[in-house]
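Notes follow once the structure below has been shown.
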Amino acid sequence: MTTAPVPYDSSRVFLARQPIFRSNMRVFGYELLFRSGLANFCNTALDGVAMTSSVVANSHSLLGLHKVLQGKRGFINFPQQMLNRHVPVLFSAKNTVVEILEDVEPTAEVIEACRLLVKNGYILALDDFEYDAKFDPLLKLARIVKFDVRAQSWDELQRQVEIVKGFNVKLLAEKVEDQEEFDQLKGFGFHLFQGYFFAKPQIIQGRDIPGSKLHYLQILQRLQDSSAEYDELAEMVSHDVSLAYKLLQYVNSAAFALRVEIQSLQSAIALVGEERLRQWVEIMMLSYMAEEKPHELLRLSIQRATFCKQICERLPGLASSRSGYLVGLFSLLETILERSMVDILAELQLNQDLNDALVSHSGMLGGVLVLAKVYERGQWNKVEKCCTMLGLASRELPEILAAAIAAANQIYLGE
């Protein structure tokens, strides 16, 4: 008997984590590893920037870093390009260990980037380390040095360990495979341990919100243009339900030491700031450019967001039409993520009016959302009741819907 292959599902996201233990067998942290599926290996054909982008996007914005790390530190590989561009500062120093890969050259730019990271409270770890005097400036900044115990003889490993002990660092042994090795490495002076003897990487999976490849290409093009306006980038984020949801997840992560009620995407974007927004968006782009065509639900999300925004613009009782846009944009998250709206909103810091509208359809914003839904379904009696309640003329709706459809098609279909 043969088993039919499981169809590829681009909405599934994967991440592996492998525990790092202290000598007393208590968990110190987890290394977060790129995976493209349930097979527990890494596709080395992909470049390091793409893999790291996927790891940070999946762990921070989709799977929930607090769930992945369970209060421990997360070790993430950062290639030279990302170090030079100060990408690690997008994430909290409290739970991010910056792993500097073995092929990173200790240039003046790299050393200065690492010095700034240490100044801001980050722990640096040198990955797959083999001693060379040129790495001394990084050894003075690092807190952890990782040795692949299978990459060299035990005599050479012991020789290098004695050199590195002259710096103020903890030693981490990778690829430890049995009790005998564990005991011998403790004798060498290692403090931390990682390998199949302890635990194989555990695959964690979740559901992503796919995005529009066309829209992502447009954003990437604009990111390359230094003259691109902040407001323009913010507008592009607001036109993609996937980016908008991940942005709110990011704003509510440990990278921001605050809890502020979000009233609109614009208020969340203002908290991030221009330079950080550019870096964050680029990571999302690199991580998700391989996705398939956008799902109809995403196009409908933009259509509904634009419809709700235009309705709110006609209602004097609402303080901002931007709240209407956000309600419409997030109204299909329950279906897209296959989770309850209550659970989704528990991870976001939306104000009470937005929560009430999305969960129970209450309040004026809830009424606007109900109108959008019943009008899409052609439930004309309910449409008239909603218009009466909101004080709208139903004759305006066809024009509003036509504009909303055109806006969604332009973004997702390129029309």
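Around the amide H of residue 31, modelled in the peptide plane, lie the amide H atoms of 18, 20, 75, all under 5 Å away and 5 or more residues distant in sequence or on another chain.
Note that the stretch 170-186 has calculated 3J(HN,Hα) couplings of 9, 9, 10, 9, 9, 6, 7, 10, 7, 4, 4, 5, 4, 5, 5, 5, 4 Hz, one per residue in order, obtained from phi through the Karplus relation 6.51 cos²θ - 1.76 cosθ + 1.60 (θ = phi - 60°); glycine and proline are x.
Cross-linked pairs 119/186; 246/385; 72/134; 140/170; 94/134: Cα-Cα separations exceed 24 Å for 119/186; 246/385; 72/134; 94/134.
Sort the following peptides by mean Cβ neighbour count (other Cβ atoms within 10 Å, averaged over residues), highest first: 381-393, 346-358. Before the final figure, lay out each step's value.
Working: 381-393: 14.5, 346-358: 18.3.
Final packing ranking: 346-358, 381-393.
In sequence order, the stretch 365-378 has phi-based couplings of 4, x, x, 5, 5, 4, 4, 4, 5, 5, 6, 4, 8, x Hz under the Karplus curve 6.51 cos²θ - 1.76 cosθ + 1.60, θ = phi - 60°, and Gly or Pro positions carry x.
May I ask you to sort 105, 232 by Cβ crowding, counting other Cβ atoms within 10 Å and putting the fewest first? Write down the numbers at each step before the final one.
Details: 105 9, 232 13.
Least crowded to most crowded, the residues run 105, 232.
Under the simplified labelling scheme, the residue 175-residue 339 pair shows an inter-label distance of 3.6 nm, with each label point 7 Å from Cα along Cα→Cβ.
Roughly how many debye, to the nearest 20, is the charge dipole of the stretch 296-412 about its Cα centre, given +1 on each Lys and Arg Cβ, -1 on each Asp and Glu Cβ, and no other charges?
Details: 11 positive and 12 negative charges, 62 e Å.
With only Lys, Arg, Asp and Glu charged at Cβ, the dipole is about 300 debye.
Beyond 16 Å, what percent of the Cα pairs of the stretch 296-412 remain?
Working: 3885 of 6786 pairs.
When all Cα pairs of the stretch 296-412 are counted, 57 percent exceed 16 Å.
Coupling constants for the stretch 22-27 follow from the phi torsions by the Karplus curve (6.51 cos²θ - 1.76 cosθ + 1.60, θ = phi - 60°), and in residue order they are 7, 5, 8, 6, 8, 6 Hz; glycine and proline get x.
Backbone amide hydrogens, once placed in the peptide plane, bring residue 96 within less than 5 Å of 74, excluding anything fewer than 5 places away on its chain.
Values in this text are rule-based calculations from the coordinates and carry no lab data. All of these numbers come straight from a predicted model, not from anything done at the bench. Neighbour counts are summed over all protein chains in view; Cβ atoms, including those assigned to glycine, are modelled from backbone coordinates with ideal geometry.
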